[in-house]
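So the structure is just underneath, and the comments pick up after that.
The values are calculated or read from the model by the stated rules, or taken from the named source; none is laboratory data. Computed from a prediction, not measured in an experiment: that's the story for all the values here. Cβ placement follows ideal geometry from the backbone for every residue including glycine, while neighbour counts extend to all protein chains displayed. Remember, those area values only see protein heavy atoms, side chains included, never the ligands or the DNA or RNA. Shrake-Rupley method; radii C 1.70, N 1.55, O 1.52, S 1.80 Å.
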Amino acid sequence: MLVIAALLGFPAVARAQLDYRNLDDDRPTLIEDAYPVERYAFEMLAPWRFARTSGTRGVHSFVPELEYGLFSNFNLGLKLPISRVGAAGGSEWGISGLRVFGFYNFNTEGRGLPALAVRADATFPVGRLAGEGTRVTAKAVATRSWGKTRIHLNAAYTLGSDRPLAAADPANKWWLGGAVDRTLFRQSTLLIAEAYALRSTSSQPVELNTSLGLRYQWTPLMVVDLGIARRLRSTGPDFEVTLGVSRAFGLAGLLPKRP
C-alpha cells in the first residue's frame, strides 16, 4: 500500500500517453519489447503475482521495481522481490533477492531490420527466500511491427551454479519465447499473447507455458496490467495470475537545463 501511495504521489512531467505499449518483463507477461525507458525518465512498477504448482499452496510475490533512463536508448533498473511461501505449518514471508539490470536498445526498427536490444541482470542472494549464489543473466530482445500488431522474441541464459533459486522472480537457467500484441488505440489498451519454454536449473525438466495479458493506460502517466499464465505440459505452474500498476515521472533537478 505504501508503494501504491508513492506511485500516486510522485511529481509528474508531460509525456506521451503511450506507456501502455511498452512491454516490461513480467508486466503482465514474461516477454518484453526492445524499447527502453525514455532518457531522464523514471518508471516505478508495483506488480503482484500468485503462482501455484500442483501439490503446493502457491507463492504470493510483490516485486517493486524502479527504472531510470540514464542515457539515450539505455536504462538501469532495480528490483526487490518480496514473497510469501505457503507451507503445511503456515506461511513464510521474506525478501527474495536483489536484482540490478541494464537494458540497451541498438536501433529503432526499419524496413528490413527489427528493433534489437540486450539486457544484463545481476541477481544477489539478499533475504531469507533469495536462494543461494549470485547469478548473471544475459538476454537478447527483438521487436517487429506491422501496423497495430507487433511480434517480440526473447532469449535468456544465466551463468551460475544450480543452487536453490529464489522463491520469486528467480534467475532461471534459460528460457526462450515469443509474443504477439495488438494495440487498441481508442481504448488505450494493449492485448498480449505469448508462449515460452523455460528450464529453471540444469537438473529440472523443460517447462512449456502460455500467457495472456492486458495493459491499459489508466491516466496519462499511469498504466495498469493484468495477466494469466498456464502450463502446456506436465511440468510448470498450474496457473499464475498477475496484477500491477506503473507510474512514469520525472525529477526537475535531473532534467537538462534549456539554454
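As a check on your grasp of the helix formula, calculate [θ] at 222 nm for the chain: sum -39500 (n - 2.57) over DSSP H runs of n ≥ 4, divide by the residue count, round to the nearest 500.
When only DSSP H runs of four or more count, the value is -1000 deg cm²/dmol.
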Under 5 Å, built H, 5+ apart or other chain: amide partners of Trp218: Val223, Val224
If amide H atoms are built 1.01 Å from N in the plane of the peptide, which residues on other chains or at least 5 residues away come under 5 Å of the amide H of Arg128? Ile95
Rounded to the nearest 20 debye, what is the charge dipole size of the chain about its Cα centre when +1 sits on each Lys and Arg Cβ and -1 on each Asp and Glu Cβ? 320 debye
Difference of contour (0.36 nm per residue) and Cα-Cα distance, Trp218 to Trp93: 41.9 nm
Considering only the other residues whose Cβ falls under 12 Å of the Cβ of Arg84, what net charge follows from Lys and Arg at +1 and Asp and Glu at -1? +2
Contour minus end-to-end for Ala155 and Gln187, with contour as 0.36 nm per residue of separation and end-to-end as the Cα-Cα distance? 8.4 nm
Which FRET efficiency, nearest 0.05, do Phe106 and Leu76 yield, Cβ-Cβ r, R0 25 Å? 0.90
Taking 174-184, 41-51 and ranking on average Cβ neighbours within 10 Å, highest first, one gets 41-51, 174-184
For Leu226 paired with Leu66, estimate the spin-label separation in nm (one decimal), with each label point 7 Å from Cα along the Cα-to-Cβ line. 3.0 nm
Note down the net charge around Tyr68, summing +1 for each Lys or Arg and -1 for each Asp or Glu among other residues with Cβ under 12 Å from its Cβ. -3
Which whole-number value in Å² is the accessible area per residue of segment 118-183, probe 1.4 Å? 46 Å²
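Taking the DSSP beta bridges in the chain as the whole, what percent of them are antiparallel, to the nearest 5?
100 percent
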Which of Gln204, Pro220, Gly58, positive extreme of dipole for the chain (C-beta unit charges): Pro220
Could you run the Karplus curve 6.51 cos²θ - 1.76 cosθ + 1.60 with θ = phi - 60° over segment 240-253 and give me ³J(HN,Hα) per residue in whole Hz, x for Gly and Pro? 9, 10, 10, 9, x, 9, 9, 9, 9, 7, x, 10, 4, x
Just to be sure I understand the model, the point goes 7 Å from the Cα along the line to the Cβ. What's the resulting Val118 to Lys257 distance in nm? 3.6 nm
Carbon and sulfur: what percent of the chain's accessible surface (1.4 Å probe)? 64 percent
A correct Karplus calculation of ³J(HN,Hα) over segment 75-86, with 6.51 cos²θ - 1.76 cosθ + 1.60, θ = phi - 60°, whole Hz and x for Gly and Pro, returns 9, 9, x, 9, 10, 9, x, 10, 9, 10, 10, x
Based on the mean of other Cβ atoms within 10 Å per residue, sort peptides 137-145, 70-78, 248-256 so the most packed one is first. 137-145, 70-78, 248-256
Neighbourhood net charge (13 Å Cβ-Cβ; Lys/Arg +1, Asp/Glu -1) for Val126: +2
